[in-house]
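Trainee: Supplied in structure tokens, the structure appears directly below.
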Amino acid sequence: MKEQLEAIKKEALEAIDQSQSVKGLQELNVAYLGRKGSLTTVLRGMGQLSKEDRPVVGQLANEVRGAIEEALDEKQEILDHVELEKQLENETIDVTLPGRPVKVGGPHILTSIIEEIEDIFIGLGYEIKEGPEVETDYYNFEALNLPKGHPARDMQDTFYITNELLMRTHTSPVQARTMRALEGNRPVRMICPGKVYRRDNDDATHSHQFTQIEGLYVDKNVRMSDLKGTLNTFAKKIFGEDREIRLRPSFFPFTEPSVEMDILCKVCSGKGCSVCKKSGWIEILGAGMVHPKVLAMAGYDPEVYTGFAFGMGPDRIAMLKYGVDDIRHFYKNDVRFLKQFHNA
Ligand code: PHE
């Protein structure tokens, strides 16, 4: 029996030594020390031993058991360690791998162009103002010298909400609101960017919703030459120093005299092409000296104060500046179109 125990010990220790997995170790544990394991089986035969032999064999059996348990524990520790190493290796992050690109958004091209225009006018001492998009008939028309029934109202096909409420057709109501707020006794220098609405059928150059920027400068001794100088500075800053401008006489009910500003066509340099419809010039904004009636209605004494106003379309300016051939691109929000301008 002693030999048997020694043989079990030897065999078990070898098997444990050779075992390569935690699962294999568990199996060995069962095979040697389990209820039906070989050591247990041998010990069951103890009853047949003589009284003298029993304690000796018993002690030996305990030693064998202890040795096997110790070997199992040691090996378990080693295998645990190996497994941890393996896991750490598998989960290692390779910091030299290139990262997955993150899609970065950017401002909409119209937002960028409006901010660019704002920066130019802030540099000239203008404040930025805002006004409501749902406007009253009074501020959109009447306060701008367009009384009810005035034929020029037809120039601006209007979305009416009620008889007195409408979607503003231009940003000009903000000039009346701003003057009214200053109570007729302080100079005004403001621009107002925002959305405007007209009952147009959408096509390459029309959209039922588009953007405008209104500008207003009211003070003592403001003259037409101030308007021209301001618009010239603006045009050169936005389109480039070499861009010439010209002012043509025009009509707006809220300005007198009124003008429209053209810039020299970049495509043909004034010779005439399809972009400028053979004229050599491209219209970009309307402007004029604020009508005395508009000043008076807003509480400014037209004998003391004069002013100029202008209104432009950032959509149109962006189209000219970047060669966009259809205004609807700005509102479809196709990322492939929009992302071209993210570094513009
Ligand atoms: N509000 C005018 C328009 O929408 C533009 C304009 C503004 C003209 C200010 C003159 C002065 O057509």
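The values are calculated or read from the model by the stated rules, or taken from the named source; none is laboratory data. What you are looking at is a predicted structure, and each value in this text was computed from that prediction instead of being measured. Note that we place each Cβ from the backbone using ideal geometry, even for glycine, and neighbour counts take in every protein chain shown.
Trainee: Could you list all residues from segment 1-53 that are among the hydroxyl-bearing types (S, T, Y) and in contact (Cβ under 8 Å) with a residue 24 or more places away in the chain?
Mentor: Answer for segment 1-53, where residues must be among the hydroxyl-bearing types (S, T, Y) and in contact (Cβ under 8 Å) with a residue 24 or more places away in the chain: S19, S21, Y32, S38.
Trainee: Do we find a residue being within 14 Å of the ligand (Cβ to nearest atom), within 17 Å of M297 (Cβ to Cβ) and not in a helix (DSSP H, G or I) anywhere in segment 190-212?
Mentor: no
Trainee: For I114, state whether it is closer than 30 Å to I317 by Cβ and in a helix (DSSP H, G or I).
Mentor: Criteria met by I114.
Trainee: If you take just the helices (runs of 4 or more DSSP H) that sit entirely in segment 229-344, which of them hold at least 1 residues that are within 16 Å of the ligand (Cβ to nearest atom) and either in the same structural domain as Q212 (by TED's automatic domain parsing) or farther than 17 Å from V218 by Cα (or both)?
Mentor: 292-297, 314-322
Trainee: Could you check P107 against (1) part of a loop (DSSP other than H, G, I, E, B); (2) within 14 Å of the ligand (Cβ to nearest atom) and say which number it fails?
Mentor: Evaluating P107 over (1) part of a loop (DSSP other than H, G, I, E, B); (2) within 14 Å of the ligand (Cβ to nearest atom) leaves (2) as the failure.
Trainee: Is there a residue being under 20 Å from G125 (Cα atoms) and among the aromatic types (F, W, Y) anywhere in segment 240-253?
Mentor: Checking segment 240-253: not a single residue is under 20 Å from G125 (Cα atoms) and among the aromatic types (F, W, Y).
Trainee: Mind checking whether some residue in segment 140-153 is farther than 30 Å from L182 by Cα and part of a loop (DSSP other than H, G, I, E, B)?
Mentor: no
Trainee: Could you grab me the full set of residues in segment 159-170 that are within 15 Å of the ligand (Cβ to nearest atom) and in contact with an Asp or Glu (Cβ under 9 Å, 6 or more places away or on another chain)?
Mentor: Filtering segment 159-170 down to residues within 15 Å of the ligand (Cβ to nearest atom) leaves 159, 166-170.
L166, M167, R168, T169, H170 - these are the residues of segment 159-170 that are within 15 Å of the ligand (Cβ to nearest atom) and in contact with an Asp or Glu (Cβ under 9 Å, 6 or more places away or on another chain).
Trainee: Between a residue in segment 309-323 that is without any contact (Cβ under 8 Å) to a residue 60 or more places away in the chain and any residue that is more than 16 Å from the ligand (Cβ to nearest atom), which pairs come within a Cβ distance under 8 Å, given they are 6 or more apart or on different chains?
Mentor: M319/D325
Trainee: Right, G131: in contact with a strand residue (DSSP E or B) (Cβ under 8 Å, 6 or more places away or on another chain) and on the phi > 0 side of the Ramachandran plot or not?
Mentor: When the stated conditions are applied, G131 does not pass them.
Trainee: Here's a check for you: in segment 213-227, which residue that is crowded, with 19+ Cβ neighbours inside 10 Å and in a strand (DSSP E or B) is nearest to the ligand (Cβ to nearest atom)?
Mentor: E214
Let's see how each residue does on (1) farther than 25 Å from L231 by Cα; (2) of a type in the set (V, I, T):
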residue	(1), (2)
D262	no, no
G270	no, no
G286	no, no
V290	no, yes
V294	no, yes
Y300	no, no
Y305	no, no
K332	yes, no
Q340	yes, no
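Trainee: Specify the residue that is nearest to D226 (Cα to Cα); the eligible residues are those in segment 134-151 that are touching a strand residue (DSSP E or B) at 6+ places or on another chain (Cβ under 8 Å) and either within 14 Å of the ligand (Cβ to nearest atom) or among the β-branched types (V, I, T) (or both).
Mentor: Looking at the filtered set, the residue picked out is N140.
Trainee: Any idea which of (1) over 24 Å from D202 (Cα atoms); (2) over 37 Å from the mean Cα position of the chain (by Cα); (3) surrounded by 16 or more Cβ atoms within 10 Å (Cβ to Cβ) is the one G131 doesn't satisfy?
Mentor: (2)
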